[in-house]
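Taking it in order: structure first as structure tokens, then the write-up.
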Amino acid sequence: MIKGILGKKLGMSQIFNEAGDIIPVTIVEVGPCYVIQKKIKERDGYDALQIGFVSKKSTRVNKPLKAHQDRAGKGYFYHLREVDCDDVSLVDVGQEIKIADVFSKGETIKVTGISKGKGFAGVVRRHGFGGLPASHGSLILRETGSIGTATTPGRVIKNKKMAGQLGNKQVTIKGITIVDVQEDKHLVALRGAVPGPKGQIVMLKKQEV
Amino acid sequence: MNIVDAFEKAQMKQDLPEIRIGDRVRVATRIVEGARQRSQLFEGVVIARHRGNNRDSITVRKQSYAVGVERVFPLHAPSVEKIEVISRAKVRKAKLYYLRQRRGKAARLKELRG
């Protein structure tokens, strides 16, 4: 069984469910992906499939990648990723993978993508710190305050929350429900939000129980 | 973006009447009370319309025992069973929020005939 597939986030919308409630959904164009390579336990130490998504002109592919993808014979792709697979002997190189091969409506999955970059953010925005007093003569408002004790231990402990890059980082959201599957259009509607901007390539994976 | 647009359009009701601002409408909504289902009517003037594919909605205002009541109906929701246009009025604005400040005779709209 194949445990994941690649998709492209198209944007958010809403739909009505059977009860008439409004459900916020993210629409993701999923696949079709093609199996480029099989990783086999005896040779590679683990079982997995390498899949390709979003086809690419042959003039844009360099020689090593060209030779690699030629073995599948399904053209060239912008995104090559590995997905887990229970039994790779059931899958052939070059095989097309569609949504229905991996997921069905109502399933709970996890989605991985690169979150929107927010740049260098202060501690209030990045970690939700409360900031410092706004009144009583306070001159600093959004700074972090003390970052530790004095002579003991005489250093700042590791992983102290400070200002820095926020977003533009790989994020996995678990527990996302598949609300709708449109096989013919290669679309899925996922409940709620998914990391990244529109056009972001996201990985949809099975959620282990 | 076109794909999202098409996704939304596919969910829109095709049998909606043409609803304009100032129309007096009767909206039937489905109400579930435990195991029972019934229809509830709400009659009033359309004072605003929010457009956006399957997010289309109208705001309907009426006077109920001298109290102004407004309800927003998502037009494409399955709970909105039927919308009936009773009469049209001549209006000059897209949003009739000024009706909130008026009551009685001042809150009338000039009816359109024909």
Among the residues listed as B:VAL27, B:VAL60, B:VAL46, B:VAL67, the single one being exposed (fewer than 15 other Cβ atoms within 10 Å of the Cβ), aliphatic (A, V, I, L, M), out of contact with any Cys (no Cβ under 9 Å at 6 or more places or on another chain) and within 30 Å of B:ARG108 (Cβ to Cβ): B:VAL67
Residue check for A:ILE109: under 30 Å from A:GLU42 (Cα atoms), surrounded by 12 or more Cβ atoms within 10 Å (Cβ to Cβ) and among the aliphatic types (A, V, I, L, M): yes
Members of the range B:78-107 that are surrounded by fewer than 18 Cβ atoms within 10 Å (Cβ to Cβ), within 26 Å of B:MET12 (Cβ to Cβ) and either within 14 Å of another protein chain (Cβ to nearest Cβ) or aromatic (Phe, Trp, Tyr) (or both): B:PRO78, B:SER79, B:GLU81
Wholly within the range A:150-209, strands (runs of 3 or more DSSP E) carrying at least 2 residues that are modelled with pLDDT of 90 or more and within 14 Å of chain B (Cβ to nearest Cβ): A:170-182, A:187-191
Test: A:VAL35 is among the β-branched types (Val, Ile, Thr), within 14 Å of chain B (Cβ to nearest Cβ) and surrounded by 20 or more Cβ atoms within 10 Å (Cβ to Cβ): no
Residue list for the range A:1-14, restricted to those being within 14 Å of chain B (Cβ to nearest Cβ) and either at pLDDT below 90 or touching an Asp or Glu at 6+ places or on another chain (Cβ under 7 Å) (or both): A:GLY7, A:LYS8, A:LEU10, A:SER13
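Rundown of residues vs (1) among the β-branched types (Val, Ile, Thr); (2) surrounded by 15 or more Cβ atoms within 10 Å (Cβ to Cβ); (3) in contact (Cβ under 8 Å) with a residue 24 or more places away in the chain, yes/no style:
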{"residue": "A:THR151", "(1), (2), (3)": "yes, no, no"}
{"residue": "A:ILE176", "(1), (2), (3)": "yes, yes, yes"}
{"residue": "A:VAL194", "(1), (2), (3)": "yes, yes, yes"}
{"residue": "A:PRO197", "(1), (2), (3)": "no, no, yes"}
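Within the range B:66-77, can you find the residues that are farther than 10 Å from B:THR29 by Cβ, out of contact with any Ser or Thr (no Cβ under 8 Å at 6 or more places or on another chain) and within 9 Å of another protein chain (Cβ to nearest Cβ)?
Filtering the range B:66-77 down to residues farther than 10 Å from B:THR29 by Cβ leaves B:66-70, B:72, B:74-76.
Applying the additional criterion that residues be out of contact with any Ser or Thr (no Cβ under 8 Å at 6 or more places or on another chain) yields B:66-69, B:76.
Within the range B:66-77, just B:HIS76 meets the criteria.
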Residue satisfying condition, being surrounded by 15 or more Cβ atoms within 10 Å (Cβ to Cβ), in contact (Cβ under 8 Å) with a residue 40 or more places away in the chain and touching a Leu at 6+ places or on another chain (Cβ under 6 Å), within set A:VAL83, A:VAL30: A:VAL83
Residue that is nearest to the other protein chains (Cβ to nearest Cβ) [pool: residues in the range B:1-45 that are under 23 Å from B:TYR98 (Cβ atoms) and free of Cβ contacts under 8 Å to residues at least 40 places away in the same chain]: B:PHE42
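The values are calculated or read from the model by the stated rules, or taken from the named source; none is laboratory data. Note that this is a predicted model, so its numbers are computed, not measured. Neighbour counts are summed over all protein chains in view; Cβ atoms, including those assigned to glycine, are modelled from backbone coordinates with ideal geometry.
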